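Peer 1: If you scroll down you'll find the structure; I have some questions about it.
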Amino acid sequence: MATPLSGAKIVVTGVTGQVAEPVAGILARDNEVYGAARFQDDEARARLEAAGVTCVRIDLAAGDVAALPADADYVVNFAVAKNGDWNLDLDANAGGVLSLMEHHRAARAFLHCSSTAVYQPAGHKELAEHAALGDNHRVWSFLETYSICKIAAEGAARWGARRFALPTTIARLSVPYGDNGGWPGIHLEMMLGGVPVDVHSNTPSIYHPIHVDDIAGTLPALFAAATPEVTTVNWGGSDPVSIEEWCGYLAELTGVQPEFNATSETIDSVTLDLTAMHAITGRTTVHWKDGMRRMVEALHPELLA
């Protein structure tokens, strides 16, 4: 991986989110970090301030980003709106990224965090960055707007990069997780509650879980790869892992066995070709078993004998 950032002024949006909060804390160890969000969670704000992050209230749906430092060196856009209201979500996701890019058009690099939810479901076929896009998450009614808005935001970021000559990387994130949980953490809670874990009937359900340490660790290289023509790259853990496999490992750690519900009413595998990412960042460093053990230790230390 590239040398960690030091002494830079960095804006991290969506900073109260599950991914952005720990990443902002890691970056704040050696940089001046401004965390942007609507800040409806006072506890999250207090945690961020304790970690050395300067908190700034913004409203991306309204294009209100003026309080952010326009002279930031780098911007990491983790913000995402998933309210289920199409107009609101399009304004916040697509319009919001353009408001940020215009305000930070002098930045050295802009990283827009997209999602592998932009891909047309393709079973177990490895998907490179040129693969067909589609409405991956429509099957989940509570995320009806998610895939389409992520695609729209990518289009906005591409336009903004050219319009403002702003070096930009679009990174399509797979399954993020860390000590504060993530999708594997949700599955752990389901196992503890005796709730069946949905897996796609086209088993196994394969993804690329990536630890927050690797998300933060790959940022310098992803910034360095940014261009006004836009670098688009898959962003996931180097090892493909299925839900069935990581739940099985959580069972080994805790003694709590998972129950699976095979159904077509859940998202299918998103197996990635990580050739481009590996060329930019190298392989990820946190093995998924090590990361998930750390997650269990943080969330439920009483379960580890």
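The values are calculated or read from the model by the stated rules, or taken from the named source; none is laboratory data. Keep in mind that this is a model prediction, so the values were computed, not measured. Using ideal geometry, Cβ is built from the backbone for each residue, glycine included, and neighbour counts are taken over all protein chains shown.
Peer 1: Does region 255-277 hold any residues that are crowded, with 18+ Cβ neighbours inside 10 Å and polar (S, T, N, Q), and which are they?
Peer 2: Result: S269, T271.
Peer 1: Hey, among A79, A156, which residue is at negative phi, in contact with a helix residue (DSSP H, G or I) (Cβ under 8 Å, 6 or more places away or on another chain) and not in a loop (DSSP other than H, G, I, E, B)?
Peer 2: After applying the criteria, what remains is A156.
Peer 1: Can you pull out every residue in region 221-247 that is over 20 Å from P209 (Cα atoms) and in contact (Cβ under 8 Å) with a residue 60 or more places away in the chain?
Peer 2: F223, A224, A226, T227, P228, E229, V230, T231, listed by residue number.
Peer 1: Ok, one more. If you take the residues of region 108-144 that are within 17 Å of the chain's Cα centre (by Cα) and over 20 Å from V19 (Cα atoms), which of them is surrounded by the fewest Cβ atoms within 10 Å (Cβ to Cβ)?
Peer 2: So the residue we want is E129.
Peer 1: Filter region 280-299 for residues that are outside any helix (DSSP H, G or I) and in contact with a helix residue (DSSP H, G or I) (Cβ under 7 Å, 6 or more places away or on another chain); which is nearest to D135 (Cα to Cα)?
Peer 2: So, considering only residues that are outside any helix (DSSP H, G or I) and in contact with a helix residue (DSSP H, G or I) (Cβ under 7 Å, 6 or more places away or on another chain), the one nearest to D135 (Cα to Cα) is T284.
Peer 1: Considering region 283-302 alone, what residues qualify as being more than 13 Å from G236 (Cβ to Cβ), buried (at least 16 other Cβ atoms within 10 Å of the Cβ) and either free of Cβ contacts under 8 Å to residues at least 12 places away in the same chain or touching a Ser or Thr at 6+ places or on another chain (Cβ under 6 Å) (or both)?
Peer 2: Listed by number, the list is empty, since nothing qualifies.
Peer 1: In addition: For region 234-279: of the residues being of a type in the set (S, T, Y) and assigned to a loop (DSSP other than H, G, I, E, B), which is farthest from Y146 (Cα to Cα)?
Peer 2: S238
Peer 1: Only residues that are more than 24 Å from L166 (Cα to Cα) and either surrounded by fewer than 18 Cβ atoms within 10 Å (Cβ to Cβ) or among the hydrophobic types (A, V, I, L, M, F, W, C) (or both): list them for region 199-241, please.
Peer 2: The answer is V199, S201, N202, T203, P204, I206, I210, V212, D239, V241.
Peer 1: What residue, of R162, R105, R172, is surrounded by 16 or more Cβ atoms within 10 Å (Cβ to Cβ) and of a type in the set (K, R)?
Peer 2: From the options R162, R105, R172, the qualifying one is R172.
Peer 1: Residues of region 267-283 being among the polar types (S, T, N, Q), at pLDDT 95 or above and in contact with a strand residue (DSSP E or B) (Cβ under 8 Å, 6 or more places away or on another chain), which ones?
Peer 2: Once the filter is applied, which keeps residues that are among the polar types (S, T, N, Q), at pLDDT 95 or above and in contact with a strand residue (DSSP E or B) (Cβ under 8 Å, 6 or more places away or on another chain), region 267-283 yields only T271.
Peer 1: Go through region 82-113 and count every residue that is part of a strand (DSSP E or B), farther than 17 Å from N31 by Cβ and touching a residue at least 60 places away in the same chain (Cβ under 8 Å).
Peer 2: 1
Peer 1: So which residues in region 194-229 are of a type in the set (A, V, I, L, M) and touching a His at 6+ places or on another chain (Cβ under 9 Å), if there are any at all?
Peer 2: V197, I206
Peer 1: Please work out if E265 is in contact (Cβ under 8 Å) with a residue 60 or more places away in the chain and within 25 Å of V118 (Cα to Cα).
Peer 2: The answer is yes for E265.
Peer 1: Restricting to region 38-53, give me the number of residues that are in a loop (DSSP other than H, G, I, E, B) and out of contact with any Lys or Arg (no Cβ under 6 Å at 6 or more places or on another chain).
Peer 2: Count: 6.
Peer 1: Name the single residue that is surrounded by the most Cβ atoms within 10 Å (Cβ to Cβ) among those in region 16-37 being assigned to a loop (DSSP other than H, G, I, E, B) and free of Cβ contacts under 8 Å to residues at least 40 places away in the same chain.
Peer 2: Among those residues, the one meeting the criterion is T16.
Rundown of residues vs (1) more than 30 Å from A2 (Cα to Cα); (2) under 17 Å from the mean Cα position of the chain (by Cα), yes/no style:
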{"residue": "P184", "(1), (2)": "no, yes"}
{"residue": "P204", "(1), (2)": "yes, no"}
{"residue": "I210", "(1), (2)": "no, yes"}
{"residue": "V230", "(1), (2)": "no, no"}
{"residue": "S242", "(1), (2)": "no, no"}
